[in-house]
Amino acid sequence: DGGITQSPKYLFRKEGQNVTLSCEQNLNHDAMYWYRQDPGQGLRLIYYSQIVNDFQKGDIAEGYSVSREKKESFPLTVTSAQKNPTAFYLCATGTSGYNEQFFGPGTRLTVL
Amino acid sequence: KNQVEQSPQSLIILEGKNCTLQCNYTVSPFSNLRWYKQDTGRGPVSLTIMTFSENTKSNGRYTATLDADTKQSSLHITASQLSDSASYICVVSPRGTPRANNLFFGTGTRLTVIP
């Protein structure tokens with residue numbers, strides 16, 4: 001897990017609510033990522049950011065939003081528009097050259 | 001289409017036995033391949049990275065092999081331990097202009113070691 005923290009570890013949400021997942025890093029990496037992991041499936045990219053104040057959609061961005069106001073922080077908001085949000089969410093950071101990523105410990109989100 | 005496929009999807013072995021996990025990829029041109037171990041409910045942790053010119057690399061009881069000609073990699077675990085129970089994910093990075101969203105992930109092999 002290194003210098004990447006995600007909070008909370010477990011999160012429960014009622015349908016129709018927005019929730020924000022925190023990701024903080026002290027690795028001084030420019031790139032940050034959010035992935036979603038479902039049972040039996042590979043990691044799917046939600047959003048990524050290469051520099052502060054800039055981010056791009058990944059493969060499954062619908063129903064999610066992010067911000068990158070500080071280099072150390074890349075919070076993910078799961079909105080009520082995300083129809084099936086129950087999943088394990090992983091934050092990662094990337095080195096220059098982008099050929100390696102370091103992962104945080106994850107947040108498990110459950111919609112009640 | 002660039003893809004990474006892993007097999008088997010799941011595997012159960014007895015403690016102390018050896019096992020081999022497979023990763024086939026179509027990513028081209030190829031830069032490097034990394035194996036991650038992901039414990040249940042945790043983030044993936046890198047086990048080993050292999051570049052185009054490397055055939056074998058070891059990390060303790062883990063040995064990764066790479067055949068860049070056939071685009072295949074394997075992860076061999078020797079004398080398995082209960083703590084080896086995890087998912088093992090193969091990740092391939094293409095060669096070329098670095099881009100932030102340039103990694104290709106396999107779906108993983110779920111290994112269960114039983115006493």
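The values are calculated or read from the model by the stated rules, or taken from the named source; none is laboratory data. Quick caveat, the model's predicted, so the values are computed rather than measured. Note that each Cβ is placed from the backbone with ideal geometry, even for glycine, and that neighbours are counted across all protein chains shown. Remember, those area values only see protein heavy atoms, side chains included, never the ligands or the DNA or RNA. Shrake-Rupley method; radii C 1.70, N 1.55, O 1.52, S 1.80 Å.
For chains B and A, what's the summed buried accessible area, probe 1.4 Å, to the nearest 100 square angstrom?
Summing both sides, the interface buries roughly 1700 Å².
Here the calculated FRET efficiency for B:S53 and A:K71, from their Cβ-Cβ distance with R0 = 35 Å, stands at 0.55, rounded to the nearest 0.05. Here the calculated FRET efficiency for A:Y10 and A:I60, from their Cβ-Cβ distance with R0 = 30 Å, stands at 0.90, rounded to the nearest 0.05.
At a probe radius of 1.4 angstrom, the accessible area of segment A:6-112 per residue rounds to 47 square angstrom. The apolar share of the surface of the protein assembly as shown, taken as the fraction of accessible area on carbon and sulfur atoms (1.4 Å probe, ligands and nucleic acids excluded), comes to 48 percent. Calculated accessible area for chain B comes out at 48 Å² per residue, all protein chains present (probe 1.4 Å; ligands, DNA, RNA ignored). Note that segment B:37-54 has calculated 3J(HN,Hα) couplings of 10, 10, 5, 4, x, 10, x, x, 10, 5, 9, 7, 10, 10, 9, 4, 8, 9 Hz, one per residue in order, obtained from phi through the Karplus relation 6.51 cos²θ - 1.76 cosθ + 1.60 (θ = phi - 60°); glycine and proline are x. The mean count of C-beta atoms from other chains within 10 Å of the C-beta of residues in A:99-108, rounded to a whole number, is 5. Lacking any other cysteine beta-carbon closer than 4.7 Å, the following Cys residues of the protein assembly as shown have no compatible partner: B:C19.
Take B:S28, B:S80, B:S53 and sort them by solvent-accessible surface of the protein heavy atoms, 1.4 Å probe, largest at the top.
Solvent-accessible surface, decreasing: B:S53, B:S28, B:S80.
Taking 10 °C and 1.306 mPa s as conditions, chain A diffuses translationally at an estimated 115 µm²/s according to Stokes-Einstein applied to its Kirkwood radius (Cα pairs).
Under the definition of partner shielding as Cβ atoms of other protein chains within 10 Å of a residue Cβ, what is the mean value for peptide A:42-54?
Across A:42-54, the average partner-chain Cβ count within 10 Å equals 3.
Less than 11 Å from a label point 7 Å out along the Cα-to-Cβ axis of A:N18: which backbone N atoms in segment A:76-105 qualify, by residue? A:77-81, by backbone N distance to the label point. Based on the alpha-carbon gyration tensor of segment A:34-82 and its eigenvalue square roots a ≥ b ≥ c, which shape applies: rounded if a/c is under 1.5, prolate if not and a/b is larger than b/c, or oblate? In terms of gyration-tensor shape, prolate. Across peptide B:101-110, the average count of Cβ atoms from other chains found within 10 Å of a residue's Cβ is 5. Based on the alpha-carbon gyration tensor of chain B and its eigenvalue square roots a ≥ b ≥ c, which shape applies: rounded if a/c is under 1.5, prolate if not and a/b is larger than b/c, or oblate? Prolate. The 3J(HN,Hα) values that the Karplus relation (6.51, -1.76, 1.60; θ = phi - 60°) gives for segment B:84-96 are, in residue order, 6, 4, 4, 9, 10, 10, 9, 10, 10, 10, x, 8, x Hz. Gly and Pro appear as x.
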